[in-house]
Amino acid sequence: MPKQMNTSFGHAQSKKTYHTKNHVEKNDTLIYALGGLGEVGKNMYCFEHENEICIVDCGVLFPGDDLLGVDYVIPDYHHLIRMNKKRKFLVITHGHEDHIGGIPFLLRQVNIDAIYAPRFAKALIQKKLAEHKGLERTKIIEINDESSIKTKYFTVGFFNTIHSIPDSLGVLITTPNGTIVETGDFKFDLTPVGTNADYQKMAYIGVLKPDLLMSDSTNSGVEDFSISEKKVANEILEIMRKTSQRLIVATFASNVHRVSQILEAAVKCGRKVIVFGRSMENVVDIGRKMGTIKIKNADFLSPEELAHTPDDKVCIICTGSQGEPLAALSRISNGTHRYIHLKPGDTIVFSSNPIPGNAASVNKVIDKLFRSGATVLTKSILNNLHTTGHASKEEQKLMLQLICPRYFMPVHGEYKMLMQHRQTAIEVGVPKENIFVCANGDILILRNHEVLQSDWRFQGDDIYVDGNDISGLSTAVLKDRRILADNGLVAVVIAIDSKSNKILSRPVIVSRGFVFIKDSQGLIREAEFIVHQSLQEKMKEKTTFSELKNCVRSTLEPFLYKKTHRNPIVIPVIINSRQTMEEIQQKRIQKKAQRKEA
Ligand SMILES: [Zn+2]
Ligand SMILES: [Zn+2]
């Protein structure tokens, strides 16, 4: 690295101890993430000065298979709730779920003065809020690269970036202590589809020497420059031309540029199009309204017309490129789709890459598609069927070179990605001590153009959302679900008479997901027997319901573990004798009446 390179990024204070912790002082600007660090998802970056908080993005994270029954993961908004007296405004960089998906949950808990969003994101947010009662009328102010938001302490400006969805913006935030650039999601593509990136503007921001750059780390581990979206478009067009029969293309609904390229290629080749999958239909609908998808009504097929259209005049576009079990493509491969039944000669194109973790389910779907006699084309090093929406290493370097920040904070990525991005920044010439790899909740202080690590932090926890319940699932519920999934459930039904302190019948054990009852009669009998014995022992003296329940658990759990090496959830159900229950009930009523009289 040439020496003058270092100077362009500002001098490292070499004698400074490595990231000493500092107390927050009155006029500091605070920078922290409530989501987006150490994960790909739920992006939420906050900038706080005095009584104002500028929030950039408000996303969700889609949970993996280990979070059973959880629909979304959102950040813990507690800090913002506590700061409810401060004025807050939300700036959205683009319309992907990991940047807008949390908005309904945030709005229910936190007062937000205004939401600023670029055009495409605005349409998606409005559609989302329309499904949430009471939030339909939330005011969203449209922004573009020329917009400027001015508050008492912040001035926020924008520049166009290239990403897989139209109207993606990078953000320049001017605070009383210095300037910050947050890239949003971006890539560089010299022959882009859609709006070009504002190279001149980015270079100009670099001339102004911003203090901190926060940049997208998703593809930190990917070498070189990513391939252009135009190349992918050409490849798809080529396949459409060569294919003489029916075509089915699966891709990400979130990749709006790709969806529009596929639709346009199909129409160019004389095919009519039909879209399957809710998220895909949604995106096509909004894309057409926004003018980014330029396909006429006449080019679309209805499901009824599909049956009567020759195969070489049809192109089906659908969701399910990640093997999602409920998506259109999975149902097509299972033979359970309402309108599409595969036949030999069909060609299925995956214009996608399996996201790590989804490979097994994608392979399962591909296998089934092959079984039906169809031709399946997937992305490989031999073709250009897919490209990413995020910057690879060389593009990350270009961003660092254009913006030329004094300090750097990798964002939007798992810890490994953040560390790889850190390495890239060091290679480009940012001094090591000026790079901050943070976790959600860590606080950076911007003080008179200097970035410091704070000695305190916020809660950066995950909140699990089940359906639309925003209170968040407790980890205890999830723990139970995991035990149920791994070990099953055993219920023990016991009938007693609490008055005479007697067991009325032998305990009965019922189980689900534990052992195959038919093959385990002996085990269940034995379990019932030992529970019976220990209850009899326990009931020799006066006892309580909860003591009895504990007795059942402490007898059964070790026994079942010894026999099966499993720890099912044990639920004791105690039924009291009817006569005794009636007497207890009677006594309660009498007591109540007496209390009233008194
Ligand atoms: Zn994105
Ligand atoms: Zn993102």
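Computed from the coordinates by the stated procedures, all read-outs in this text should not be read as laboratory data. Treat the numbers as computed from the prediction; the structure is a model and nothing was measured. Note that we place each Cβ from the backbone using ideal geometry, even for glycine, and neighbour counts take in every protein chain shown.
A few remarks follow.
- Computed from point charges on the beta carbon alone (+1 for Lys and Arg, -1 for Asp and Glu), the dipole magnitude for the chain about its Cα centre is near 1660 Debye.
- Applying 1/(1 + (r/R0)^6) with r as the Cβ-Cβ distance of residue 199 and residue 571 and R0 = 56 angstrom yields a FRET efficiency of 0.30.
- Sorted fewest first by neighbouring Cβ atoms within 10 angstrom, 191, 138 come out as 191, 138.
- Formal net charge of residues neighbouring residue 443 (Cβ-Cβ distance under 13 Å; K, R +1; D, E -1): -2
- A crude spin-label estimate for the pair residue 191 and residue 209, with each label 7 Å from Cα along the Cβ direction, gives 4.0 nm.
- Each Lys or Arg adds one and each Asp or Glu subtracts one; over the other residues with Cβ under 10 Å from the Cβ of residue 61, this totals -3.
- Estimated at 0.36 nm per residue, the fully extended path between residue 415 and residue 282 surpasses their Cα-Cα distance by 44.6 nm.
- When the C-alpha to C-alpha distance is required to be over 19 Å, the pairs from 127/230; 127/289; 343/368; 268/296 that qualify are 127/230.
- Relative contact order %, the range 229-377, counting alpha carbon pairs below 8 Å whose residues are six or more apart: 28 percent
- Unit charges on C-beta of K, R, D, E only; dipole of the range 89-161, Debye: 280 debye
- Farthest toward positive dipole pole in the range 488-597 [+1 Lys/Arg, -1 Asp/Glu at C-beta], among 579, 523, 564: 579
- For the chain: rounded, prolate or oblate by the Cα gyration tensor [a/c cutoff 1.5]: oblate
- Cα gyration tensor category, rounded, prolate or oblate, for the range 229-377 with a/c compared to 1.5: rounded
- Mean separation of Cα contacts under 8 Å, 6 or more apart, over the residue count of the range 59-141: relative contact order %: 29 percent
- From phi via Karplus (6.51, -1.76, 1.60), per-residue ³J(HN,Hα) for the range 195-211 in Hz, x at Gly/Pro: 4, 7, 7, 8, 4, 4, 5, 4, 5, 5, 4, x, 4, 7, 6, x, 7
- Neighbour-count order for 183, 544, fewest beta carbons within 10 angstrom listed first: 544, 183
- The range 155-179 versus the range 37-116: alpha-carbon centroid distance in Å: 17 Å
- Folded to 0 to 90 degrees: helix 229-242 orientation relative to the chain principal axis, Cα: 80 degrees
- The convex hull around the C-alpha trace of the range 488-597, projected and averaged over every direction, spans 7.9 square nanometres.
- Residue-averaged 222 nm ellipticity for the chain, from DSSP H runs of 4+ at -39500 (n - 2.57), nearest 500: -10500 deg cm²/dmol
- Principal-axis tilt of helix 521-538 within the chain, Cα atoms, nearest 10 degrees: 60 degrees
- Between residue 135 and residue 479, the FRET efficiency from the beta-carbon distance, with R0 = 41 Å, is close to 0.80.
- Degrees separating the helix 545-564 axis from the principal Cα axis of the chain, which is the longest one: 70 degrees
- Cα gyration tensor shape of the range 200-314, rounded if a/c is under 1.5, else prolate or oblate by comparing a/b with b/c: prolate
- Taken along the Cα-to-beta-carbon direction at a fixed 7 Å, the label points for residue 559 and residue 21 span 5.1 nm.
- Rule-of-thumb Rg ratio for the range 412-540 [Cα; 2.2 N^0.38 Å; N residues]: 2.03
- Residue order, fewest to most surrounding Cβ atoms within 10 angstrom, among 132, 257, 412: 132, 257, 412
- Here the chain carries DSSP beta bridges of which approximately 50% are antiparallel, counting only pairs with both residues inside.
- Protection proxy ranking of 450-458, 335-343, by the mean of other Cβ atoms within 10 Å over each peptide's residues and highest first, is 450-458, 335-343.
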